[in-house]
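Participant: The structure under discussion is supplied below as structure tokens; questions concerning it will follow.
The values are calculated or read from the model by the stated rules, or taken from the named source; none is laboratory data. Please read these numbers as outputs of a predicted model, since none were measured by experiment. Every residue, glycine as well, gets a Cβ built from its backbone with ideal geometry; the counts of neighbours run over all protein chains shown.
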Amino acid sequence: MLPMSANGFSPTSTSTSASSVDKARRIHMDRSHSTYLHSTTNTNTNEQTQTTEVSNNRILTNQERILKEVLGIEPETPAEREKRIQTRINKANEIINEKRKSIVVAALAFAAAILNYGWQYTHPITSLSLLSEMQRNSADLNVIGHNGKPTVVDFWAPWCENCKVAAPTLAAIEEEYKGEVNFVMVRGDAEESYNVVGRFGVDAIPHLAIIGSDGVVETALIGPIPRNVLRADLDVLLENSKRLPAEGETVAQKQEIPYTMYDAFRNRPDLRQVSF
């Protein structure tokens, strides 16, 4: 016979009762947890269903509702969204096309530069070709003293080495004073130029006749002339062309040019003023 405890139960009976209580508690907890999981699953399912319905029926999302209520921003419609996306795509395509065009233009410019360099390398510009080009672009002799501009008359010949040396300087001066000064080229060894050569008293080339806007030959510069000398004389002639007669004068007082060399009309001053 088993011994009895103070409360009238045996130890075995007490242990059995405690085990039954624990088992009942565990069953209750398992049922409660199962009920919670089932409830959570149903809630998530309901939320997913609600989200799907909101998306399909275009009911405002929380973000869209807040933007509308707080900032007054209307949510875009599917058509507006599609238009926005298409606009973005078109803009991206435009940027790509512009980049392609820029690349093509740069490539063409590079190719043109290479071709130009190749042409110049195989067809170098000589002083003689430069003089010939200036002859083709020469003004006529009849502009001297008739259009209010100073004039430079250059007498040259293809065999003249000093003419070739002076050609780049004269071409640069012609480009610098383009539109302000007349530049006339006369081939001194050509038969049709003999009368002009005699009229200007040319006895050596290169011969640069420096003439004012009034048609008066101021000086003649012989041989290759530095650019600063030509520029200084032409600047004075341009200033003289703008001068007006002072009170009591019939002709404006002229300023002397700073550089003079050969006076072809020293013995015939009456022929200093030329006109054709």
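Participant: How about the stretch 194-227: which of its residues are touching a Phe, Trp or Tyr at 6+ places or on another chain (Cβ under 9 Å) and among the aromatic types (Phe, Trp, Tyr)?
Facilitator: PHE200
Participant: Looking at VAL153, VAL184, which is the one that is within 19 Å of SER241 (Cβ to Cβ), touching a His at 6+ places or on another chain (Cβ under 9 Å) and not basic (Lys, Arg)?
Facilitator: Sole residue among the options that is within 19 Å of SER241 (Cβ to Cβ), touching a His at 6+ places or on another chain (Cβ under 9 Å) and not basic (Lys, Arg): VAL153.
Participant: On the basis of being under 30 Å from GLU174 (Cβ atoms) and in contact (Cβ under 8 Å) with a residue 24 or more places away in the chain, does SER129 make the cut?
Facilitator: In short, no.
Participant: Let me confirm something: among ALA232, ALA252, which residue is at pLDDT 95 or above and within 25 Å of GLY179 (Cα to Cα)?
Facilitator: Answer to the selection: ALA232.
Participant: Are there any pairs with C-beta distances below 7 angstrom linking a residue in the stretch 195-218 that is closer than 19 Å to PRO158 by Cα to a residue that is in a loop (DSSP other than H, G, I, E, B) and of a type outside the set (A, V, I, L, M), with the two at least 6 apart or on different chains, and if so which?
Facilitator: Close Cβ pairs (under 7 Å, with a partner that is in a loop (DSSP other than H, G, I, E, B) and of a type outside the set (A, V, I, L, M)) amount to VAL197/GLY188; VAL202/GLY188; ILE205/CYS160; ILE205/GLY188; PRO206/CYS160; PRO206/GLY223; ALA209/PHE200.
Participant: Among the residues in the stretch 227-239, are any in a loop (DSSP other than H, G, I, E, B) and surrounded by fewer than 19 Cβ atoms within 10 Å (Cβ to Cβ)?
Facilitator: no
Participant: Here is a follow-up. So which of GLY148, GLY188 is exposed (fewer than 14 other Cβ atoms within 10 Å of the Cβ) and within 24 Å of GLN273 (Cβ to Cβ)?
Facilitator: So the residue among GLY148, GLY188 that is exposed (fewer than 14 other Cβ atoms within 10 Å of the Cβ) and within 24 Å of GLN273 (Cβ to Cβ) is GLY148.
Participant: Being free of Cβ contacts under 8 Å to residues at least 60 places away in the same chain and in the same structural domain as GLU133 (by TED's automatic domain parsing) narrows it down to one of LEU238, LEU230, LEU221, LEU234, so name that one.
Facilitator: On inspection, the qualifying residue turns out to be LEU221.
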